[in-house]
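The values are calculated or read from the model by the stated rules, or taken from the named source; none is laboratory data. What you see is a predicted model, and the numbers here were worked out from it, not measured in a lab. A quick note on method: Cβ atoms are made from the backbone with ideal geometry, for glycine too, and the neighbour counts reach across all protein chains shown. Calculation scope for accessible area: heavy atoms of the full protein, side chains included, ligands and nucleic acids excluded. Shrake-Rupley method; radii C 1.70, N 1.55, O 1.52, S 1.80 Å.
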Amino acid sequence: MFCYLGTGYVTSIRLTAIQGFTPLKASLAFIVFNGVSALIQVPIASRLIERYDPKWILGGGLLLIGAGDFWMASIPIGHQSVTPLIAPLVVAGAGVAFVLSAVTAVVINTVPHNLSGMAAGWTSLLRDFGFTLGPAVVGAIALSRAAREISDEVASDPELSQALDTFNASPATAPEGQQEAVEGAVAAVNSGPLGANAVPSTVTLPDGSTVPFNPLKDTAFQALGSAYSLGYLIVGLCAVAAAVVTVVLISGRRADLSDTPDAPATPMTTDA
């Protein structure tokens, strides 16, 4: 679930907050990502689980998620289109389908029958925990890296630093009716990488001419692209690590009550 929501979070930020696509256009990526998962989960993944050890389905699904994320990490942020993400999202979405179908089966097959209800409950708990960690961890790392890259670029480029100082002082010289808007733009640019990327690099004057405005726009755009590519890499590495743990460390054999002769009778449980 960390990998699933981490992939969705990075994709959402890339398409909307960085590249500026409308929510409607960005939703096409999620239709592919989740649509592939829905199409595969029931007719294909469920049949594979009946035929093969579920740990191989789970491990394979995690590897597909990792492959999709590594692929997306390699796509430059300058490709201003949803299209380059479609194929890797199909791969990652297929992986999600296999993971969601197999994870509970793997967990229950790894414990004695009398502990299956507890195991299913822990699975649900850890799913929610993974949902929480995905955007939090990836977002913190990506935004911290982007902020550091922007700061380093400003410190190493005197011309950019001077342009930023001029921009920060621009509310004092702005026309009276535009001072509030300019102050808001300055505050946004100084609020962090996403704010610096949201303010346009030029503005159009009433006479139709354009003038430079936000000097950090291009720097923030490139820094965010690099940082969220790192986010894809983090998610991909976690997926591969989880696949290795699943395949190598999980026996995949369902324990039987005969292994624990003194175990009490299995209580009535409800799997989450």
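Structure summary
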| quantity | calculated |
| --- | --- |
| Elements of type helices (runs of 4 or more DSSP H) contained in region 41-153, each with 2 or more residues being within 16 Å of residue 9 (Cα to Cα) and touching a helix residue (DSSP H, G or I) at 6+ places or on another chain (Cβ under 9 Å) | 54-73, 83-109 |
| Flag for residue 69 being charged (D, E, K, R) and at pLDDT 95 or above | yes |
| Pairs, first in contact (Cβ under 8 Å) with a residue 60 or more places away in the chain in region 128-151, second polar (S, T, N, Q) and assigned to a helix (DSSP H, G or I), C-beta under 7 Å, six or more apart | 149/226; 150/219 |
| Among residues of region 14-47, those that are over 20 Å from the mean Cα position of the chain (by Cα), surrounded by 17 or more Cβ atoms within 10 Å (Cβ to Cβ) and either aliphatic (A, V, I, L, M) or at pLDDT 95 or above (or both), counted | 2 |
| Close pairs (8 angstrom Cβ cut-off, 6 or more residues apart or separate chains): more than 14 Å from residue 203 (Cα to Cα) in region 167-193, assigned to a loop (DSSP other than H, G, I, E, B) and at pLDDT 90 or above anywhere | 168/190; 188/199; 189/199; 189/214; 189/216 |
| Matching residues, region 136-160, being open to solvent by 40 Å² or more (accessible area, probe 1.4 Å) and either touching a Cys at 6+ places or on another chain (Cβ under 7 Å) or farther than 20 Å from residue 189 by Cβ (or both) | 136, 137, 140, 141 |
| Answer residue from region 106-134, given it is touching a Phe, Trp or Tyr at 6+ places or on another chain (Cβ under 6 Å) and open to solvent by less than 40 Å² (accessible area, probe 1.4 Å) and is farthest from residue 45 (Cα to Cα) among those | 134 |
